[in-house]
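Enquirer: My questions will all concern the structure given below.
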Amino acid sequence: MYRITTLLITLLLSCVPLQAQVPKPLTSKEIVSLLYQLPRNPAMRDEIIDEIRKRGIGFPLTDGMRSLVATKSGNDSLLRRTLEEAERRRVNPTASALPSDSEGNQLLERTRNVTLAAANAMPDFIVKQIIKRSVAYGHTANWIPQDNLTIAVGYRANVGEEYKILTVNGMPAGPEVQSSRDYSKYAPKGASSSGVEYISALADVFKPETKTEFRMVDTDVIQGRRTVVYEYTIKKEFSQLTLSLADTGARAVVGSRGRLWIDRELDRVLRFEQIATEIPPDFPITAASSLIDYDWVNINERKYLLPTRSEILMTTTQPKFVLQSRNDVRFRGYQKFGAELKVIDEVGEEDEPPAPPKPVKPPQ
């Protein structure tokens with residue numbers, strides 16, 4: 001009897017820590033407390049996202065909570081989407097459940113093969129980029145409109161991407177503006193980007209030589225499609241990501257991390273996040289990230305998965321202040337290369353505001 005009693009006590013005691021390990025869903029009070037710390041400590045964003053993903057939420061996501069998230073986070077899109085996905089899991093936990101490790105690995109491997117094959121089978125095309133540039137001072141994310149650019153981008157497999165500025169704040173660019181790999185020398189001073197929006201950056205994540213580490217972390221719904229979210233990490237020594245400053249010519253190879261949203265049925269990446277890591281401590285760019293949404297577009301009567309929107313964020317150290325830059329990029333009018341790209345007639349209210357923004361003055 002003594003042995004049986006001891007065994008029962010041991011079994012009961014061993015169950016206590018197992019039950020304690022199951023985290024309780026976040027309450028609305030806990031979320032509010034975390035959000036109020038965010039303006040003073042923007043780096044907490046990733047911690048809050050991880051906490052939401054691990055614990056979920058135990059309350060209905062109201063419009064009031066959505067408004068508070070937008071206000072305290074600077075309308076951070078990733079935090080907003082993470083909360084929306086947590087709400088979907090709260091309402092329907094079965095439909096939002098992660099696949100098994102085996103199924104997740106198979107999905108990732110299929111996506112790798114399809115993505116690399118697609119990168120080698122892109123058609124030659126042109127597209128219009130509409131870029132709204134804004135800046136913020138310090139680490140405030142209080143964005144001030146800077147200017148609006150309309151750019152024609154041509155892609156050819158044997159050349160890569162070439163850019164040509166067409167308008168600045170709605171006004172046609174001058175005759176001196178030429179097509180080039182880097183449009184920054186023809187644009188007003190500000191952040192520019194090239195290469196990351198299309199094929200190369202996403203394909204690099206799946207190449208064997210980058211030795212990318214993947215981890216299945218979440219589910220989400222993108223464009224009405226059910227996706228599985230994977231986090232990835234690429235170490236600096238295997239990375240092909242380069243940060244550069246056009247003004248000084250300074251360049252640095254950096255590592256990266258981020259997330260991939262993979263369509264569970266079509267084995268394609270519908271959203272791609274890339275965050276620079278291992279940035280040299282003395283480099284002027286202290287933070288850089290991009291988020292790209294992909295959708296199916298028609299080119300020459302065939303469908304291709306290409307970017308429709310991207311957001312590029314960068315933080316640089318200036319002589320007297322820290323400057324944050326944001327480029328909100330829309331992609332419009334994909335066509336076969338060689339077609340005439342009519343830009344001014346196609347610009348809509350959502351693409352470009354009617355009046356140019358006021359000049360931005362740095363802090364004294």
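Laboratory data are not the source of any read-out in this text; all were calculated from the coordinates shown. Source: prediction; values computed, not measured. Backbone-built Cβ (ideal geometry, glycine too); neighbour counts: all protein chains shown.
Enquirer: What does the net charge come to around residue 73 if you take all other residues with beta carbon closer than 9 Å to its beta carbon, with K and R at +1 and D and E at -1?
Expert: Here the count lands on +2.
Enquirer: When each pair of different Cα atoms in the range 117-346 is counted once in the 1/r mean, what is the Kirkwood radius in angstroms, to one decimal?
Expert: 18.6 Å
Enquirer: Starting from the coordinates of the alpha-carbon atoms of the range 236-309, obtain the Kirkwood hydrodynamic radius over all distinct pairs and give the value in Å to one decimal.
Expert: This gives a value of 14.4 Å.
Enquirer: Can you list residues from other chains, or at least 5 along the same chain, whose modelled amide H is less than 5 Å from the amide H of residue 300?
Expert: Those qualifying (amide H under 5 Å, at least 5 residues apart or on another chain) are 336.
Enquirer: Taking a point 7 angstrom from the Cα of residue 157 along the C-beta vector, which residues in the range 100-133 have backbone N less than 12 Å away?
Expert: Within reach of a label on residue 157, which here means backbone N under 12 Å from a point 7 Å along Cα→Cβ, the range 100-133 contributes 117-125.
Enquirer: How many nm separate the modelled label positions at residue 246 and residue 100, each set 7 Å beyond the Cα in the direction of the Cβ?
Expert: Here the modelled spin labels are 5.2 nm apart.
Enquirer: Run the numbers for residue 54 and residue 309: contour at 0.36 nm per residue of separation, minus the present Cα-Cα distance, in nm.
Expert: 88.9 nm
Enquirer: Now for a different question. With a sphere of radius 9 Å drawn around the Cβ of residue 272, what net charge do the other residues whose Cβ falls strictly inside it have (Lys, Arg +1; Asp, Glu -1)?
Expert: Neighbourhood net charge equals 0.
Enquirer: If you add up the charges near residue 50, with Lys and Arg at +1 and Asp and Glu at -1, over every other residue whose beta carbon is less than 11 angstrom from its beta carbon, what do you get?
Expert: -1
Enquirer: Quick one: check the C-alpha center-to-center distance for the range 137-153 versus the range 289-306, whole angstrom.
Expert: 24 Å
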